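Novice: Dropping a structure here in structure tokens format, bear with me for questions.
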């Protein structure tokens, strides 16, 4: 079975541009260059535009298919889900937003965790999904990530984190902010155990996720042109009253200023991770 066939069967395909008015939904437009793309060919190319190299966002299932060895991923703590313990409501109750996000994404919350192999090297892996409420970090994300760290320590395995998040989840108030401290403390325990931690920053990785576990890796990788930062560019400009560079907070700018180690094309990510895991053994 090809990757396209597997994803069509198992994954929630979420391509951002508006669908074209073509029967069968066979084509879509690139967000960056506007070229019309065949959806099947785009998936076969790991959802990278062949014309301009734009990296479309991936779901957790797609990320697993493109990054880990086939049939090696064993998920744990998959049934944890958020509750509306603050009775939060804006235009609709928080519990209703959770339910809608679960139906759209097919996952319980904005992160999945488990054990997998990459080029034959076993590791604990956590993957965030921006399609679930903007990949926001609430109590469940913090708990599942921390439990993944505990599993890595218990089994003496390296940890890979793939962050794709807009930051802390406002509907959980200060509880979501406390996940920054919780996940950071977990990474300290991982470091004390002498275990390897690779952090992969995807588009976007911002807010409290960036300010905690996403930037605490032994090695930081990123996909091309990923948005990486804490506060938004406009907020910073209004605060310091200065105009920031055009590519401020993009992966290339962030690497130039020493905050990430390597920008890796999606086609090369599995190979790069496999080599790093091999070096760590």
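Novice: Could you tell me whether residue 235 is within 25 Å of residue 59 (Cβ to Cβ) and assigned by TED's automatic domain parsing to the domain that holds residue 123?
Specialist: Details: within 25 Å of residue 59 (Cβ to Cβ): no; assigned by TED's automatic domain parsing to the domain that holds residue 123: yes.
So residue 235 fails the test.
Novice: Hey, another quick one. Suppose we keep only residues that are touching a helix residue (DSSP H, G or I) at 6+ places or on another chain (Cβ under 7 Å) and closer than 15 Å to residue 141 by Cα within the stretch 84-106. Which one would you say is surrounded by the fewest Cβ atoms within 10 Å (Cβ to Cβ)?
Specialist: Initial filter on the stretch 84-106 (touching a helix residue (DSSP H, G or I) at 6+ places or on another chain (Cβ under 7 Å)): 84, 86, 88, 94, 97, 101.
Subset that is closer than 15 Å to residue 141 by Cα: 84, 101.
On the way: 84: 15, 101: 20.
So the residue we want is 84.
Novice: Of these, 122, 154, 103, 108, which one is farther than 21 Å from residue 206 by Cβ and under 16 Å from the mean Cα position of the chain (by Cα)? I'd like the intermediate steps shown before the answer.
Specialist: On the way: 122 fails: under 16 Å from the mean Cα position of the chain (by Cα); 154 fails: under 16 Å from the mean Cα position of the chain (by Cα); 103 fails: under 16 Å from the mean Cα position of the chain (by Cα).
Only one candidate qualifies: 108.
Novice: Just checking, which of 15, 43 is surrounded by 15 or more Cβ atoms within 10 Å (Cβ to Cβ), assigned to a loop (DSSP other than H, G, I, E, B) and at pLDDT below 95?
Specialist: Details: 43 fails: assigned to a loop (DSSP other than H, G, I, E, B).
Going through 15, 43 in turn, the sole match is 15.
Novice: Taking the stretch 256-273 only, how many residues are in a helix (DSSP H, G or I), touching a strand residue (DSSP E or B) at 6+ places or on another chain (Cβ under 8 Å) and either surrounded by fewer than 17 Cβ atoms within 10 Å (Cβ to Cβ) or not assigned by TED's automatic domain parsing to the domain that holds residue 220 (or both)? Break it down stepwise before answering.
Specialist: Step one: of the stretch 256-273, the residues in a helix (DSSP H, G or I) are 256, 266-273.
This time we only want the ones that are touching a strand residue (DSSP E or B) at 6+ places or on another chain (Cβ under 8 Å), so: 266-267, 269-270, 272-273.
Pick out the ones that are also either surrounded by fewer than 17 Cβ atoms within 10 Å (Cβ to Cβ) or not assigned by TED's automatic domain parsing to the domain that holds residue 220 (or both) and you get 267.
Total satisfying the criteria: 1.
Novice: Among (1) surrounded by 20 or more Cβ atoms within 10 Å (Cβ to Cβ); (2) farther than 21 Å from residue 148 by Cα; (3) at pLDDT 95 or above, which single condition is residue 67 missing?
Specialist: Condition (2) is where residue 67 drops out.
Novice: Report, by residue number, each residue of the stretch 146-160 that is touching a residue at least 24 places away in the same chain (Cβ under 8 Å) and assigned to a helix (DSSP H, G or I).
Specialist: Taking the stretch 146-160 first, the residues touching a residue at least 24 places away in the same chain (Cβ under 8 Å) are 146-153, 155-160.
The answer is 146, 147, 148, 149, 150, 151, 152, 153, 155.
Residues are listed down the side, and each one gets a yes or a no for (1) in the same structural domain as residue 208 (by TED's automatic domain parsing); (2) in a loop (DSSP other than H, G, I, E, B); (3) out of contact with any helix residue (DSSP H, G or I) (no Cβ under 9 Å at 6 or more places or on another chain); (4) over 21 Å from residue 198 (Cα atoms):
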site	(1), (2), (3), (4)
51	no, yes, yes, yes
66	yes, no, no, no
108	yes, yes, no, yes
124	yes, no, no, no
141	yes, no, no, no
144	yes, no, yes, no
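The values are calculated or read from the model by the stated rules, or taken from the named source; none is laboratory data. Because the structure is predicted, anything quoted here is derived from the model rather than measured. Neighbour counts are summed over all protein chains in view; Cβ atoms, including those assigned to glycine, are modelled from backbone coordinates with ideal geometry.
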